[in-house]
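Any read-out appearing in this document is the output of simple, stated calculations on the displayed coordinates, not a laboratory observation. For clarity, every value in this text was computed on a predicted model and none was experimentally measured. Note that each Cβ is placed from the backbone with ideal geometry, even for glycine, and that neighbours are counted across all protein chains shown.
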């Protein structure tokens with residue numbers, strides 16, 4: 001077997017997997033509006049050729065449509081997301097809507113599946129924050145509850161952190177060789193597709209408990225996706241993505257600190273500056289399990 005030729009065919013498929021061809025040059029009679037036409041769809045009412053009386057195949061297709069198992073199927077879109085992630089996302093944000101199952105709908109369906117799997121597996125919560133210490137006073141209960149909620153909802157936290165990538169990616173990848181000057185709405189859909197993939201990784205993590213392997217796979221997927229979307233080389237993609245991730249985490253922590261400070265002000269416990277300083281100390285203590 002010629003592995004180099006096979007890889008080259010795979011690379012060509014990655015970059016252009018869709019071949020739109022006329023199924024049959026024959027003339028069709030539309031059963032909906034009665035128009036005779038040549039092509040895949042009726043030019044008057046847009047009904048597809050070959051539609052006729054209801055059969056068992058029609059029943060199966062109707063049931064499959066509930067979960068996207070039809071044209072532009074959910075399963076097919078997921079295969080695309082894993083085998084050609086960046087090219088697939090790039091196709092969608094550049095205007096090729098027919099290549100993908102609706103991404104926001106796909107995210108909602110995968111989120112429901114993730115919640116269902118999490119319930120069935122009863123997986124122990126493994127958060128990054130340590131809460132095994134006592135806080136000094138009731139005024140610390142707010143931040144304690146906030147980090148406890150983060151540990152109990154890792155899937156939601158993944159979506160939140162990915163949303164903070166939109167603005168850093170917009171500026172850091174602004175002048176990329178591919179998708180140059182992409183817009184914030186395009187960045188939104190990039191993160192929607194990323195969130196779908198990371199929810200799937202969370203599902204596999206719940207089932208297998210292979211935390212380290214899943215973490216590595218997630219980062220490899222993210223690197224491959226951004227390399228294909230924006231067209232930078234190995235190191236160009238690596239340092240830009242690392243910088244974007246650092247900025248996203250800093251932005252998330254700043255917003256969380258501001259929110260905590262506002263709550264402390266409303267509770268009459270401190271002013272804004274001391275509240276934010278207290279948040280930074282608590283954050284350091286919870287991550288390192290040590291005093292500042």
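Computed over the alpha carbons of segment 176-226, Rg followed by Dmax gives 13.3, 40 Å.
With neighbour counts taken as other beta-carbon atoms within 10 Å, the residues 237, 55, 35 rank, fewest first, as 55, 35, 237. For segment 224-245 versus segment 199-220, the spacing of their alpha-carbon centroids is 21 Å.
Got a sec? How would 164, 7 order by Cβ neighbour count within 10 Å, fewest to most?
Details: 164 21, 7 10.
Least crowded to most crowded, the residues run 7, 164.
Which of 226, 76 comes first, and how do the rest follow, when ranked by fewest Cβ neighbours within 10 Å?
Numbers: 226 24, 76 16.
Starting with the residue having the fewest Cβ neighbours, the order is 76, 226.
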